[in-house]
Amino acid sequence: MTNINKGKVVLIGAGPGDVGLLTLNGKHWLQKADVVLYDHLVNPEMIRFTKKSAEMIYVGKKGGIASMEQERINRLLISKAHEDKIVVRLKGGDPFIFGRGGEEIQAIQAAGIPFIIVPGVTSVTGVAAYVGIPLTHRHLSSTLSIITGSNEKNQGDIHIDWEKIASRSGTLVFLMGARKLPQIVEKLIHFGKNPDTPIAIVQWGTTARQKTWIGTLGTIVEISAKDKILPPALTIIGEVVNLKSTIEWYEKLPLFGKTIVVTRKGDQANSMIDRLHELGAEPFFFPVIETIAPDDWTPLDNALKTLSKYDGLIFTSVNGVRFFAERIKAVEQDIRELKGVRIFTIGPKTAEAVRDLGIRVDVVPENFVAESLIASMENIKGQRFLIPRATVAREILPEQLRKMGAIVDVAPAYQTVLPSQPVDTLEKRLKEGSIDVITFTSSSTVTNFLTLIGKKLLPEIKKVTIACIGPITAKTAREAGLNVKIMPEQYTVSSLMDAIENYSLGRGGK
Ligand code: SAH
């Protein structure tokens with residue numbers, strides 16, 4: 001029955017929420033996956049690690065209700081593996097702590113499909129760390145029990161031995177108990193646990209939505225009664241809970257509690273995401289731009305053959321530099337042809353990309369927009385310029401230079417396209433008002449974002465704080481009716497991050 005193909009299932013624990021808690025092995029297999037089946041609890045930022053061609057299938061379960069029945073998930077895993085594919089099953093936390101990882105593997109094993117298991121940081125330890133409660137402590141607790149707070153379908157009671165659990169001295173952690181809190185507390189007190197025992201309930205731990213309620217067995221139901229505690233939440237019971245007030249750290253970070261959408265892909269996105277993590281925000285990765293080769297290389301190839309006839313070469317973006325350099329190699333041209341050609345760039349990142357090629361930049365205008373470059377140019381009548389850039393871009397630069405008497409060749413070096421990617425999680429978060437800021441780093445990020453999810457959710461998007469890298473992007477966003485509140489003085493990604501940090505955020509949305 002076992003087939004000799006490369007098809008296999010990789011069961012990966014994605015950790016409790018913060019993408020940084022995915023293991024290196026988990027990341028490795030995500031990068032190799034042909035198909036990814038992911039859950040409700042998995043951070044969507046992880047799609048950043050998948051191949052462009054990977055098929056993403058959402059099989060989320062919310063609060064115990066299977067959105068896609070377990071049987072169907074098992075069948076899907078098996079059939080995709082039979083198609084010779086590397087099938088990743090991405091589950092919240094650790095796959096072998098509740099959440100049916102064992103059952104899925106048994107089904108896969110019975111079907112004769114090879115499998116690999118990558119453990120994850122369970123919410124038990126991950127959430128405890130982010131909330132600042134050590135689960136064991138030499139003076140307070142030397143045992144740890146991990147208990148399900150969920151009952152089987154159609155059964156009133158939770159199937160555990162309450163008497164034994166209540167008499168344990170160490171730390172108790174209940175998973176899946178959000179809706180059963182009153183029942184859990186009542187049983188523990190009934191079977192003799194001291195009503196003064198400290199208890200913490202943590203919802204959406206390790207994410208921007210982390211929320212904690214603290215009390216004792218005797219008081220917690222009342223304390224949390226005014227809020228509706230929804231899954232995922234876990235409950236920690238024991239003396240160790242008292243350590244939170246001295247150890248808590250995550251909730252004190254400057255951007256804690258903020259979910260910030262990153263619409264850019266590539267290096268820019270990675271530096272934004274890293275910075276947001278450091279500040280305690282939860283970056284929500286939602287790339288809306290993909291850069292690919294232009295449909296037609298002819299204009300650029302022609303220009304590359306006669307590089308030395310140009311007086312100036314103008315780069316308007318990092319992508320322009322990158323694709324230009326790659327094309328020079330591809331057509332076996334020589335960068336030495338650029339000798340004597342003045343190099344202009346818009347923006348410091350673009351300049352850096354040119355310098356990375358070992359080429360000196362002659363002019364970087366003060367402001368990082370085309371207008372500023374135009375203003376810095378004098379006596380260019382009769383001079384010849386080459387602008388390698390996106391297929392579709394603002395025409396102001398070539399138009400103005402021509403008006404000033406220059407001869408301008410515009411050569412498409414790349415084009416941007418809409419990526420295909422799942423929108424369900426972002427839609428859900430926008431509807432519940434739990435997105436605080438959406439960042440845009442170019443006009444096309446604005447238009448693509450609106451194309452991808454704007455039609456249905458424009459009223460929700462209008463309520464969110466918008467951060468734009470510069471005035472052109474801001475203008476595009478404002479024209480679409482968006483609420484632009486953050487714009488840095490310098491039009492760079494790192495200044496944009498500073499501006500977000502400085503902006504004192506009232507909780508956006510509802
Ligand atoms: N395999 C998972 C648990 C799956 S059961 C793990 O190891 O963490 C789902 C339960 O996990 C939820 O009901 C909740 O109790 C807990 N949980 C998962 N992620 C959580 C989070 N970010 N914050 C709080 N509880 C979480």
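Odds and ends about this structure:
- Within the range 390-414, residues that are among the β-branched types (V, I, T) have Cβ atoms under 7 Å from residues that are assigned to a strand (DSSP E or B) in these pairs: T391/P412; T391/Q415; I407/R384; V408/F385; V408/I387; V410/I387; V410/R389, counting only partners at least 6 apart in sequence or on another chain.
- Within the option set E282, E251, being over 15 Å from the mean Cα position of the chain (by Cα), within 25 Å of R209 (Cα to Cα) and within 16 Å of the ligand (Cβ to nearest atom) holds for one residue only, E251.
- Selection status of K226, surrounded by fewer than 17 Cβ atoms within 10 Å (Cβ to Cβ), over 30 Å from L21 (Cα atoms), basic (K, R) and away from the ligand (no atom under 16 Å from the Cβ): yes
- Residue list for the range 239-262, restricted to those being touching a residue at least 40 places away in the same chain (Cβ under 8 Å) and in a loop (DSSP other than H, G, I, E, B): E248, W249, P254, L255, F256, G257, K258
- Listed by first and then second residue, the pairs with beta-carbon distance under 8 Å, at least 6 apart or on different chains, first residue in the range 226-238 and assigned to a strand (DSSP E or B), second modelled with pLDDT under 90, are A233/G177; A233/A178; L234/G177; T235/G149; T235/G177.
- Of all residues making up the range 197-217, the number that are within 11 Å of the ligand (Cβ to nearest atom) and free of Cβ contacts under 8 Å to residues at least 40 places away in the same chain: 3
- Scope the range 68-104; condition within 13 Å of the ligand (Cβ to nearest atom) and within 19 Å of G7 (Cβ to Cβ); matching residues: R89, L90, E104
- One residue stands out among those in the range 3-19 that are within 13 Å of the ligand (Cβ to nearest atom) and at pLDDT below 95: the one that is surrounded by the most Cβ atoms within 10 Å (Cβ to Cβ), which is G17.
- Enumeration of residues in the range 401-455 that are assigned to a helix (DSSP H, G or I) and in contact with an Asp or Glu (Cβ under 7 Å, 6 or more places away or on another chain): L430, K431, I453
The values are calculated or read from the model by the stated rules, or taken from the named source; none is laboratory data. All values reported here derive from a predicted model rather than from experimental measurement. Heads up, the Cβs are rebuilt from the backbone with ideal geometry, glycines too, and the neighbour counts pull from every protein chain shown.
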